[in-house]
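Asker: The structure under discussion is supplied below as structure tokens; questions concerning it will follow.
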Amino acid sequence: MGVRSLGYVRLNSPDLKAWRSFGEDFLGMMRVEGNTPDSLYFRIDHYPPRLVVSQAEEPSLGALGFEVLNKRELAQLVSAVEAEGIKVSTGTDAERAERRVTGLAKFDDPAGNPVELFYGPILDHVRIQTPLVSSFVTGDMGMGHVIVTAEDVETTFDFYSRVLGFIERNTAGPTYFMGCNPRHHSFGIAPTPGPGKLVHIMVEMATIDDVGLALDRAADMNIPMMNTLGKHTNDQMLSFYVYSPELYAVECGFEGLRVEHEEPTYEITEGALWGHKFTPPPMPPS
Ligand SMILES: [Fe+2]
């Protein structure tokens, strides 16, 4: 029992125009219409939109959506989360309809990051079309991965591993990388003071040319680079990172490691075998 994959990410943003261009013209996701006319919905596969950006005055993480097997497992996980003293709310009909899921539960993790558990994505069977990207790698590995922060990493790690069923893949000092399917990590937690927040989102593309072409688009569109092309030591992902409109990092990856069996955890001492040269974020517009 436990979370099966990262299903979706929801963001709140004051600048949907920037996100529309970032999602559609840079990342190459398929923009579709959804239930809320002024939200952006992006598909990358046969699932309901994996990235949803909603209009808001302040940027924030709306939710990390984690998929579970079915109704029974959702009920079991909700009980387990409630047993930790965390308040869980059931998704309303409107929330389930907007996310295109059959069952939905919502709560904040111990660091304050908004989490949603869902089962039963409602497929629409309109063929995915992403002309800029040959395809995104999802399937049994879900949408990709996310890294969030926590002031108390140990407590948050304990919650995700013991309660939600994530498996520790490796550590990098105080940072944990965790898996819930063959993707090396679907989730990570890094320490920072204050409430939890989103650090980065990774989507995996099917070919090295997809990543190279995305690199060209970033340059053409003046999207600020965070990490140059490089290869990670833990998931072996060939990738680069840019800054999104709200300066979350977004990683475009290729050929990340599949971990088919549970393996002992390990510590890494470098993030990259090569590349990933870091540039700090541009100053946010005042
Ligand atoms: Fe990453």
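Values quoted throughout were computed directly from the atomic coordinates according to the rules given, and no laboratory measurement underlies them. The model shown is predicted, which means the values in this text are computed figures rather than measured ones. A quick note on method: Cβ atoms are made from the backbone with ideal geometry, for glycine too, and the neighbour counts reach across all protein chains shown.
Asker: Looking only at segment 166-213, count every residue that is farther than 17 Å from F254 by Cα, small (G, A, S) and crowded, with 18+ Cβ neighbours inside 10 Å and tell me the total.
Answerer: 4
Asker: Grab the strands (runs of 3 or more DSSP E) fully contained in segment 149-228, keeping just those with 1 or more residues being acidic (D, E) and in contact (Cβ under 8 Å) with a residue 40 or more places away in the chain.
Answerer: Where strands (runs of 3 or more DSSP E) fall fully within segment 149-228 and carry at least 1 residues being acidic (D, E) and in contact (Cβ under 8 Å) with a residue 40 or more places away in the chain, they are 167-172, 198-205.
Asker: Let me ask something additional. Is it true that some residue in segment 229-241 is of a type in the set (F, W, Y), in a loop (DSSP other than H, G, I, E, B) and within 15 Å of the ligand (Cβ to nearest atom)?
Answerer: Filtering segment 229-241 down to residues of a type in the set (F, W, Y) leaves 240-241.
Right, trim to in a loop (DSSP other than H, G, I, E, B) and you get none.
The answer is no, given that none of the residues of segment 229-241 is of a type in the set (F, W, Y), in a loop (DSSP other than H, G, I, E, B) and within 15 Å of the ligand (Cβ to nearest atom).
Asker: Condition check: in contact (Cβ under 8 Å) with a residue 24 or more places away in the chain, more than 22 Å from K197 (Cα to Cα) and in contact with a Ser or Thr (Cβ under 6 Å, 6 or more places away or on another chain). Does M30 satisfy that?
Answerer: So M30 passes the test.
Asker: If you take the residues of segment 242-258 that are in contact (Cβ under 8 Å) with a residue 60 or more places away in the chain and more than 15 Å from the ligand (Cβ to nearest atom), which of them is farthest from M29 (Cα to Cα)?
Answerer: The selected residue is R258.
Asker: Name every residue in segment 201-214 that is closer than 17 Å to S21 by Cα and away from the ligand (no atom under 16 Å from the Cβ), in order of residue number.
Answerer: Answer for segment 201-214, where residues must be closer than 17 Å to S21 by Cα and away from the ligand (no atom under 16 Å from the Cβ): just L213.
Asker: Considering only segment 129-184, state which residues are touching a helix residue (DSSP H, G or I) at 6+ places or on another chain (Cβ under 6 Å), away from the ligand (no atom under 16 Å from the Cβ) and among the polar types (S, T, N, Q).
Answerer: Selection gives S134 alone.
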